Amino acid sequence: MTRHQKRLSVPNSWPVERKTDTFTVKAGAGPHGEAGVPLVVLLRDVLGYVDSTKEARYALNNDSVLVNGDAVSDEQRPIGMFDILAFPERGEFFRVFPDEGGRLALTSVDEEAAGSRLGKITNKSVVPGGAVQLTLHDGANVRVEADTPYDTKDSIVVDNETKEVVAHFEYKEGALVTAVAGQHAGRIGEVDDIDVTLGSGSNTVFVGDDEDGYETVEEYLVVIDENFTGDDAEEAGDSDE
């Protein structure tokens, strides 16, 4: 199995130039599946903190890079949507967020915001003992009490240290959402209408924003809170502390 990835065939979400070189680093096994960007690509090509894979390995061996609160030593560790990338020695913290066009970008956040991360619930199941297990968009699992009001398509905020849920955002009309895929990726707005499709087809959602609004499929949307808009607004009123 090859250890390299051709630049021309990387996923559209990867923030790399496709015609500068033939190859780039291949993502290792881990969260986010094929959409995950190798950590070294962000360190080298996006942030410019290192010039080579060798330098990246040295930095990671010193536990100077944290992903979602945990020190990472694998330069190929996949990084994806809503991950928190922290450099404590530099006092720099970033959230991975899709920009317009669908490419993953790093958004600077403060240390407090870097203490937790957002996750979209993609599956909900009951595990032995009666607890409920929530599976998030990146494959991570979170166990919660059986009577908690979380459902698929909702979003939760997980504390990076305790791994406990600290906020909940319900998917419904009026919810603040962002498109993370498709031609409207990166656009933020409120759900105006959810058109339920009978059968196995995807529900269609109309989202209102500062422009003319847009229509997309339900799977492309993630519920967020107002901290993601870049405004100094309070958290959305429907969050559960």
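The values are calculated or read from the model by the stated rules, or taken from the named source; none is laboratory data. Source: prediction; values computed, not measured. Positions of Cβ are backbone-derived with ideal geometry, glycine not excepted, and every protein chain shown enters the neighbour counts. To get the accessible areas, we keep the full protein, side chains included, count just its heavy atoms, and leave off ligands, DNA and RNA. Shrake-Rupley method; radii C 1.70, N 1.55, O 1.52, S 1.80 Å.
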If you check every pair at least six apart or on different chains, which have Cβ atoms under 8 Å apart with a residue in segment 91-103 that is touching a residue at least 12 places away in the same chain (Cβ under 8 Å) first and a residue that is of a type in the set (D, E, K, R) second?
Gly91/Glu111; Phe93/Asp110; Phe93/Glu111; Arg95/Asp83; Arg95/Arg117; Val96/Asp83; Glu100/Arg187
Filtering segment 98-115 for residues that are over 13 Å from Ile224 (Cβ atoms) and either charged (D, E, K, R) or part of a strand (DSSP E or B) (or both) leaves a count of 10
For segment 162-184, which residues satisfy the criterion of being free of Cβ contacts under 8 Å to residues at least 60 places away in the same chain and either among the charged types (D, E, K, R) or surrounded by fewer than 19 Cβ atoms within 10 Å (Cβ to Cβ) (or both)?
Thr162, Lys163, Glu164, Lys172, Glu173, Gly174, Gln183
Go through segment 118-161 and give me each residue that's under 13 Å from Val223 (Cα atoms), open to solvent by 30 Å² or more (accessible area, probe 1.4 Å) and either hydrophobic (A, V, I, L, M, F, W, C) or touching a Ser or Thr at 6+ places or on another chain (Cβ under 6 Å) (or both).
Thr122, His137
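Residues checked against (1) within 28 Å of Val158 (Cα to Cα); (2) in contact with a strand residue (DSSP E or B) (Cβ under 6 Å, 6 or more places away or on another chain); (3) modelled with pLDDT under 95:
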site	(1), (2), (3)
Ala179	yes, yes, yes
Gln183	no, no, yes
Asp192	yes, yes, no
Gly199	no, no, yes
Ser202	yes, yes, yes
Leu221	yes, yes, no
Gly230	yes, no, yes
Glu235	yes, no, yes
Glu241	yes, no, yes
Of all residues in segment 24-78, which are among the acidic types (Asp, Glu), open to solvent by 50 Å² or more (accessible area, probe 1.4 Å) and at negative phi?
Glu34, Asp45, Asp51, Glu55, Asp70, Asp74
